[in-house]
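Below is one structure, written out as C-alpha cells; comments come after it.
The values are calculated or read from the model by the stated rules, or taken from the named source; none is laboratory data. Just so we're clear, the structure is a prediction, and the values are computed from it rather than from any experiment. As a convention, Cβ positions derive from the backbone with ideal geometry for all residues, glycine included, and neighbour counts pool all protein chains shown.
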Amino acid sequence: MTDTQTAYRSALFHTLDNPAHQPAGEAHQYFADGLLVVENGTITHCGDAESLLKELPPHIKVVELPNSLITPGFIDTHIHYPQTEMIASYGEQLLDWLENYTFPTEKQFSDPEHAQRVASLFLDELLKNGTTTALVFGTVHPESVDAFFNEAQKRQLRMIVGKVMMDRNAPDYLTDSAQSSYDESKQLIEKWHNKDRLAYAVTPRFAPTSTPEQLDVAAKLLKLAPDLYLHTHLAENKNECEWVAELFPESRSYLDVYDQHQLLTERSVFAHGIYLNDEDCCRLHQTGSSVAFCPTSNLFLGSGLFNVKKLESHKVNIGMGTDVGGGTSFSMLQTLQEAYKVTQLQQQRIDPIQSFYLATLGGARSLRLSDKIGTLLPKSEADFVVLDLESTPLIKARMANANSISEQLFILMMLGDDRSIKATYSGGRCVHQR
Ligand code: GUN
Ligand code: ZN
C-alpha cells in the first residue's frame, strides 16, 4: 500500500459475466457499503468497505460518497461524433435522413478547426453522461480522425475511431476511392493505432456506399495489424436491405456481403442488425463478431425493433450504442430505458442487471477489452462512474421505496439522465464532475 492510493467509499455494482447465460444473481457483484481502491490509474481493490479498510494502511485517502453507486464507465459501441450538432433532425427515415441532413453536416469536417471544436464538444457530452469509451465514426476526411484522436489524447481517454470509407452512392464532396481510402486509412493507422489508449477502426460506412473493390480494401487494411477494428452498419432499415439486395445480387443476405469480403472478425462491430436471419446469427457467433443495439436511433428513425433474445440465443456479443445523431441521447441510462421499451414491444423484457451488463461488460467484450475496462475488478483501468441516487426529487422519492440493487438500477435507467452522473473517472482521473 502506498500514498498514491485513493479509496472511494460508496455502493458498488458491476457484472462479471453475461447474466443471460448464468443462474440468477451469479453474474454480478454488489456491495452496499463498498470500497474501490485506485492506484496509478488502475483499480487495486474492489469489495466490502469494512473488511478492506482493515487491510489498508490507516493513512489511506478515503473519499466518502454517500447516496451514490459506482459502476464501471459506460461503453458506447456505436456513435458518430460528426453528427453531434445535427441530433434531433425532424422527419425522415434512414436513407432520406442521410441525404438531407447527414451528408451536408459531414461535409464541414474537411475543416480541421471545425472538426476539433465538435470533437471537443462531443467528448464533453460523453463524459458528462458517464461514457468513458466509445467506438466512433469520423467522416470521410482524415482531418476528422486526426481532430478526434487529438482531443481524446489530450483527455487521456480510451477511444476508438476511424475514417469513413465511401466510394459510391454519396455526394462527390464526401466520396473517396478504393485506393485513396486505403492510403489515408493506412496513414491514420500508422499515426494513431495503439498510441496511448487510442485504437483505429476500419470504417466502411455501409454496404451501399462501398464498391466491392473498396470492401476488399477494408479487408486488406485489417491485415495491417492484428488488433484493428472493423466498424460499419448492418441491416438497419427495410429499404436499405432491399437496396443492398439489388446492389449485391450474389450475396445470400446483407450480412453475407460483409462475410464474402472477409469482414467478419472478432473485432468487427456491426451497428443495428435488426433484419437478420438464423444463418446470419450463426455467422456472427462463429466469427466472434458483435452487434451494437441502438434503441433510441432505431425508434427515432423508425427502423424497427432489435431482437435481443434472438441474438442472445445465438450467443452473439451485444453492446449498447447511442448512434448519435440518429440516436436522440448521449445518455446510456436513457438508451437503456429505450432498450427496455423495445424489448417490451416484443414480450421479452430485458432485466436491469442484463441492461447494465450490456452497457458495460457487454460493450467491453464486444471490443475485446474486458481485461481492461467494463468491470471494477482489480487490474482494470480505473474508468468508472459515480451515479447519484438522489439527483432529482422524484428519483430520491422513488429510491426510498427501492428494495434491491436491481430495483435501484431500474429506477436509474427509467428516470436518470446526465443529472444522475455525479462524476466520471478515466484512468483514475476525474474527467467530469457535476
Ligand atoms: N447507415 C449508413 N450511415 C449511417 C449513419 O450515419 N447513421 C445511421 N444510423 N445509419 C447509417
Ligand atoms: Zn450509425
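Within 16 Å of ligand 1 (Cβ to nearest atom) and β-branched (Val, Ile, Thr): which single residue out of THR287, THR265, THR335, THR343 fits that description? Walk me through how you get there before you give the answer.
Numbers: THR287 fails: within 16 Å of ligand 1 (Cβ to nearest atom); THR265 fails: within 16 Å of ligand 1 (Cβ to nearest atom); THR343 fails: within 16 Å of ligand 1 (Cβ to nearest atom).
The conditions single out THR335.
Within segment 403-417, can one find any residue that is buried (at least 21 other Cβ atoms within 10 Å of the Cβ) and more than 30 Å from LEU311 (Cα to Cα)?
Taking every residue of segment 403-417 in turn, none turns out to be buried (at least 21 other Cβ atoms within 10 Å of the Cβ) and more than 30 Å from LEU311 (Cα to Cα).
Do you know which residues across segment 367-400 are free of Cβ contacts under 8 Å to residues at least 12 places away in the same chain and of a type in the set (D, E, K, R)?
Initially, segment 367-400 is screened for residues free of Cβ contacts under 8 Å to residues at least 12 places away in the same chain, giving 370-371, 393, 396-397, 400.
If the condition is that a residue be free of Cβ contacts under 8 Å to residues at least 12 places away in the same chain and of a type in the set (D, E, K, R), then ASP371, LYS396 are the ones that fit.
I'd like to verify a number: residues in segment 32-61 that are farther than 19 Å from VAL385 by Cβ and either in a helix (DSSP H, G or I) or in contact with a Lys or Arg (Cβ under 9 Å, 6 or more places away or on another chain) (or both), how many?
The total comes to 6.
If I go through segment 146-180 residue by residue, how many of them are away from ligand 2 (no atom under 16 Å from the Cβ), in a helix (DSSP H, G or I) and aliphatic (A, V, I, L, M)?
Number of matching residues: 3.
Can we say LEU234 is within 16 Å of ligand 2 (Cβ to nearest atom) and within 22 Å of THR322 (Cα to Cα)?
Numbers: within 16 Å of ligand 2 (Cβ to nearest atom): yes; within 22 Å of THR322 (Cα to Cα): yes.
When the stated conditions are applied, LEU234 passes them.
A quick yes/no check of all residues on (1) farther than 30 Å from LYS238 by Cβ; (2) out of contact with any Ser or Thr (no Cβ under 6 Å at 6 or more places or on another chain):
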position: ALA7; (1), (2): yes, yes
position: ASP33; (1), (2): yes, yes
position: GLY47; (1), (2): yes, yes
position: LEU52; (1), (2): yes, yes
position: PRO57; (1), (2): yes, yes
position: GLY73; (1), (2): yes, no
position: GLN93; (1), (2): no, yes
position: ASP111; (1), (2): yes, yes
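Does ASN67 qualify as being more than 10 Å from ligand 1 (Cβ to nearest atom), modelled with pLDDT of 95 or more and not in a strand (DSSP E or B)? If you could, list the steps in order and put the result at the bottom.
On the way: more than 10 Å from ligand 1 (Cβ to nearest atom): yes; modelled with pLDDT of 95 or more: yes; not in a strand (DSSP E or B): no.
No.
Name the single residue that is farthest from ligand 1 (Cβ to nearest atom) among those in segment 198-222 being among the small types (Gly, Ala, Ser) and part of a helix (DSSP H, G or I).
Filtering segment 198-222 for residues among the small types (Gly, Ala, Ser) gives 199, 201, 207, 210, 218-219.
Filter once more, so that each one left must be part of a helix (DSSP H, G or I): 207, 218-219.
Details: ALA207: 9, ALA218: 15, ALA219: 19 Å.
For segment 198-222, the residue satisfying everything is ALA219.
Taking SER251 as meeting all but one of (1) surrounded by fewer than 21 Cβ atoms within 10 Å (Cβ to Cβ); (2) in a helix (DSSP H, G or I), write down the number of the exception.
(2)
Examine segment 137-155 for a residue that is of a type in the set (S, T, N, Q) and away from ligand 1 (no atom under 16 Å from the Cβ), and state whether such a residue exists.
Going through segment 137-155, the residues of a type in the set (S, T, N, Q) turn out to be 139, 144, 150, 153.
Now restrict to residues that are away from ligand 1 (no atom under 16 Å from the Cβ): 150, 153.
There is at least one residue in segment 137-155 that is of a type in the set (S, T, N, Q) and away from ligand 1 (no atom under 16 Å from the Cβ).
Restricting to segment 259-283, what's the tally of residues that are part of a helix (DSSP H, G or I) and within 21 Å of the chain's Cα centre (by Cα)? Quick ask: steps written out before the conclusion?
Keep residues of segment 259-283 that are part of a helix (DSSP H, G or I), which gives 259-260, 278-283.
If we keep only those that are within 21 Å of the chain's Cα centre (by Cα) too, we end up with 281.
Number satisfying all stated conditions: 1.
Residues to consider are SER289, SER268, SER297; find the one that is away from ligand 2 (no atom under 16 Å from the Cβ) and either out of contact with any helix residue (DSSP H, G or I) (no Cβ under 6 Å at 6 or more places or on another chain) or free of Cβ contacts under 8 Å to residues at least 40 places away in the same chain (or both). So that I can check it myself, show each step before the final result.
On the way: SER268 fails: away from ligand 2 (no atom under 16 Å from the Cβ); SER297 fails: away from ligand 2 (no atom under 16 Å from the Cβ).
From the options SER289, SER268, SER297, the qualifying one is SER289.
Go through segment 150-172 and report how many residues are crowded, with 22+ Cβ neighbours inside 10 Å and within 29 Å of THR42 (Cβ to Cβ).
Final tally of qualifying residues: 8.
Picking from PHE103, PHE122, PHE109, which residue would you name as being touching a His at 6+ places or on another chain (Cβ under 6 Å) and either without any contact (Cβ under 8 Å) to a residue 60 or more places away in the chain or within 16 Å of ligand 2 (Cβ to nearest atom) (or both)? Outline the logic, then answer.
Values: PHE103 fails: touching a His at 6+ places or on another chain (Cβ under 6 Å); PHE122 fails: touching a His at 6+ places or on another chain (Cβ under 6 Å).
Being touching a His at 6+ places or on another chain (Cβ under 6 Å) and either without any contact (Cβ under 8 Å) to a residue 60 or more places away in the chain or within 16 Å of ligand 2 (Cβ to nearest atom) (or both) holds for just one of PHE103, PHE122, PHE109, which is PHE109.
I need a count of the residues in segment 122-149 that are over 17 Å from SER181 (Cβ atoms) and of a type outside the set (Phe, Trp, Tyr). Outline the logic, then answer.
In the first step, residues of segment 122-149 are kept if they are over 17 Å from SER181 (Cβ atoms); the result is 122-136, 147-149.
From the residues that got through so far, the ones that are of a type outside the set (Phe, Trp, Tyr) too are 123-136, 147.
The number of residues fulfilling the criteria is 15.
Would it be correct to say that THR15 is under 21 Å from the mean Cα position of the chain (by Cα) and either among the charged types (D, E, K, R) or buried (at least 18 other Cβ atoms within 10 Å of the Cβ) (or both)? Give the steps one after another, and end with the answer.
Values: under 21 Å from the mean Cα position of the chain (by Cα): yes; either among the charged types (D, E, K, R) or buried (at least 18 other Cβ atoms within 10 Å of the Cβ) (or both): yes.
Yes: the conditions hold for THR15.
When you go through (1) within 22 Å of LYS163 (Cβ to Cβ); (2) hydrophobic (A, V, I, L, M, F, W, C); (3) within 20 Å of the chain's Cα centre (by Cα); (4) more than 16 Å from ligand 2 (Cβ to nearest atom) one by one for LEU222, which number turns out not to apply?
Result: LEU222 passes all but (3).
Only one residue in TYR229, TYR258 is touching a helix residue (DSSP H, G or I) at 6+ places or on another chain (Cβ under 8 Å) and surrounded by 20 or more Cβ atoms within 10 Å (Cβ to Cβ), so which one is that?
TYR258
Within segment 226-268, how many residues turn out to be of a type in the set (Lys, Arg) and farther than 18 Å from VAL164 by Cα? First the steps, then the outcome.
Taking segment 226-268 as the starting set, the residues that turn out to be of a type in the set (Lys, Arg) are 238, 252, 267.
This time we only want the ones that are farther than 18 Å from VAL164 by Cα, so: 238, 252.
Qualifying residue count for the region: 2.
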